[in-house]
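As structure tokens, the structure follows; a few thoughts come after it.
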Amino acid sequence: MTVDTHGGWQKIIDFSNLALDSGMYTLGSNYNFYPEADMGAAPGDGVDGRLTLTRDASNTVSVYANGVFSGSFVDSSGLANFGGNNANFFIDDFATSQGEAAGGFVDYIRTWDTALNANDVAALGSPVAAPIPEPETYAMMLAGLGLLGVVARRRRQKQVA
């Protein structure tokens, strides 16, 4: 997931069918589950990252940013419950109409029928795609290979003379 720009409250996940203000947000440069807890640093503006949110049988909600544990809280009020058809992603609720939707893009959303532990989350792999070489990289590589060719040719000519 990539958020274009971070600023005020930007809703990522709403669990109340848009009826309440509670849910998973970015707030500034952090993840936050409102009204429960700050959940650690979010990737910077325009930076791809993976947010993983789990809820186990003891109602503990755990948040992982790029596979690394960020925070948790006991959800005794059931605010982070995926039961039914109540989840909405990247859209503000009707309760406040504050325009808190997050702009950006999502590669995919996955759901499981069991809570993931820290090892399961780590096994999901890296959210960051391999870098694509820029044209300058290729130009520098070709210049280096050309220079090696010139040096090898001069050595060969010196050995013959």
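The values are calculated or read from the model by the stated rules, or taken from the named source; none is laboratory data. In this text the structure is predicted, and so the values were computed from the model without any measurement. A quick note on method: Cβ atoms are made from the backbone with ideal geometry, for glycine too, and the neighbour counts reach across all protein chains shown.
Would you mention how many residues in the stretch 106-116 are in contact (Cβ under 8 Å) with a residue 24 or more places away in the chain and either surrounded by 10 or more Cβ atoms within 10 Å (Cβ to Cβ) or touching a His at 6+ places or on another chain (Cβ under 6 Å) (or both)? Don't jump to the end; show me each part of the working.
Of the residues in the stretch 106-116, the ones in contact (Cβ under 8 Å) with a residue 24 or more places away in the chain are 106-107, 111, 115-116.
So of that shortlist, the ones also either surrounded by 10 or more Cβ atoms within 10 Å (Cβ to Cβ) or touching a His at 6+ places or on another chain (Cβ under 6 Å) (or both) come out as 106-107, 115-116.
The number of residues fulfilling the criteria is 4.
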message: Residues that are at pLDDT 85 or above and of a type in the set (A, V, I, L, M, F, W, C), at least 3 per element: which strands (runs of 3 or more DSSP E) completely within the stretch 1-81 meet that?
response: 60-65, 68-74
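Kindly indicate whether residue 113 is more than 18 Å from residue 40 (Cβ to Cβ), in contact with a Leu (Cβ under 6 Å, 6 or more places away or on another chain) and either part of a loop (DSSP other than H, G, I, E, B) or modelled with pLDDT under 75 (or both). Spell out how you get there, then give the answer.
Values: more than 18 Å from residue 40 (Cβ to Cβ): yes; in contact with a Leu (Cβ under 6 Å, 6 or more places away or on another chain): no; either part of a loop (DSSP other than H, G, I, E, B) or modelled with pLDDT under 75 (or both): yes.
The answer is no for residue 113.
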